[in-house]
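To start, the structure itself, in structure tokens.
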Amino acid sequence: MIIYGNEIAAKIKEEIKAKVDDIAAQGKRKPCLCVILVGDDPASISYVKGKEKACAQIGFASKMIALPNDTKEEELLNIVHACNEDESIDGILVQLPLPKHINAQNIIANIDPKKDVDGLHPVNVAKLYQSRDGFVPCTPQGVMQILKEAKVSLAGKHVVVVGRSHLVGSPVARLLLNENATVTMCHSYTQDLSKITAMADILVVCVGKPRMITAEYVKDGAVVIDVGVNRGEDGKLCGDVDFANVSEKCSLITPVPKGVGPMTICMLLVNTLKAYEGRMNNA
Ligand code: NAP
């Protein structure tokens, strides 16, 4: 069975839109996401446009701050601080990667944790590791939502996560552990990778290598979540999993495109609504 993230995302967006319509009908201010882009990287521009479009679709306000590539770190910090103070902004997202002369960790650490809808501020990272309520990074949260919608039980299951980045692999592993799965994390130093992945009831792949996971890496009947987004040799968008032969062997699999990708933007909207509600309740 193929689990389509775009269908799950569409359903969640409808639910958020209904809430925003309700907010508007009450004459209240709508949730607002502010995206800060530094430089002219085409992929980043396209991601930012996607986020603006998603906001417009569901009725969120959005603000886009585009800065030149040679923006100084201090200038960017001043803009982040101004966004922190701006009462009309609920969520702040600094599009990554930033140009090399800017310390991204420092910028993220200066975002108000209550507006950190990307879930990368150290306070929110700590909350995740302490199982406390905070903002969780969007892609890992999207993976969890897919597993929930597909009614995959996690408690006691052996989950293997391939990839340990701060953005995807590590937080997804922690979220799975918080749901009582037994989690094995693999990375570029892991030996006999296919022997480990072939033991997984649930395999989450976030490596960034086109079609690296072939059928021999997968146990019969496993659930396979493919986070990877790559261009294959044929120029087509593909995941980290060799979908054609792995899909024959597993019980559930996410495709690329239309799998985890659409869930990421959807979770950004979920986080922005959460930030808005938190701020309105504290106002
Ligand atoms: P990343 O920062 O490059 O991390 C890749 C991870 O894979 C690292 O932990 C690395 O190990 C591990 N790795 C690399 N080669 C390996 C190998 N041969 N065997 C085992 N592990 C290996 O990438 P990322 O940001 O986590 O992204 C991963 C993929 O997800 C990319 O394709 C990216 O485009 C995609 N992605 C998709 C979305 C979405 O919305 N769908 C969002 C974010 C990312 P080391 O730690 O040892 O280097």
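None of the figures in this text is laboratory data; all of them are computed from the coordinates on show. Being a predicted model, the structure only gives us computed values, none of them experimental. Using ideal geometry, Cβ is built from the backbone for each residue, glycine included, and neighbour counts are taken over all protein chains shown.
Annotations
- Close pairs from segment 164-193: first without any contact (Cβ under 8 Å) to a residue 24 or more places away in the chain, partner in a loop (DSSP other than H, G, I, E, B) and of a type outside the set (A, V, I, L, M, F, W, C), Cβ under 7 Å, at least 6 apart: Arg164/His187; Ser170/Arg164
- Once segment 172-213 is narrowed to residues that are in a helix (DSSP H, G or I) and among the charged types (D, E, K, R), the residue that is farthest from the chain's Cα centre (by Cα) is Lys195.
- Matching residues in segment 197-213 - criterion: being more than 10 Å from the ligand (Cβ to nearest atom) and touching a strand residue (DSSP E or B) at 6+ places or on another chain (Cβ under 8 Å): Met199, Ala200, Asp201, Ile202, Leu203, Val204, Arg211
Residues checked against (1) crowded, with 20+ Cβ neighbours inside 10 Å; (2) in a helix (DSSP H, G or I); (3) among the acidic types (Asp, Glu); (4) touching a helix residue (DSSP H, G or I) at 6+ places or on another chain (Cβ under 7 Å):
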site: Ala56; (1), (2), (3), (4): no, yes, no, no
site: Ala66; (1), (2), (3), (4): no, no, no, no
site: Asn78; (1), (2), (3), (4): no, yes, no, no
site: Leu96; (1), (2), (3), (4): no, no, no, yes
site: Ile111; (1), (2), (3), (4): yes, no, no, yes
site: Val125; (1), (2), (3), (4): yes, yes, no, no
site: Leu128; (1), (2), (3), (4): yes, yes, no, yes
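- Residue list for segment 141-165, filter: within 16 Å of the ligand (Cβ to nearest atom) and either of a type in the set (A, V, I, L, M) or under 24 Å from Cys83 (Cβ atoms) (or both): Gln141, Val143, Met144, Ile146, Leu147, Val159, Val160, Val161, Val162
- Any hit, segment 181-195, residues being within 16 Å of the ligand (Cβ to nearest atom), of a type outside the set (Phe, Trp, Tyr), under 20 Å from Ile265 (Cβ atoms) and surrounded by fewer than 18 Cβ atoms within 10 Å (Cβ to Cβ): no
- Close pairs (6 angstrom Cβ cut-off, 6 or more residues apart or separate chains): at positive phi and touching a residue at least 40 places away in the same chain (Cβ under 8 Å) in segment 239-260, within 16 Å of the ligand (Cβ to nearest atom) and part of a helix (DSSP H, G or I) anywhere: Lys258/Asn6
- Residue in segment 237-255 that is away from the ligand (no atom under 15 Å from the Cβ), closer than 26 Å to Pro97 by Cα, assigned to a helix (DSSP H, G or I) and touching a Phe, Trp or Tyr at 6+ places or on another chain (Cβ under 9 Å) present: no
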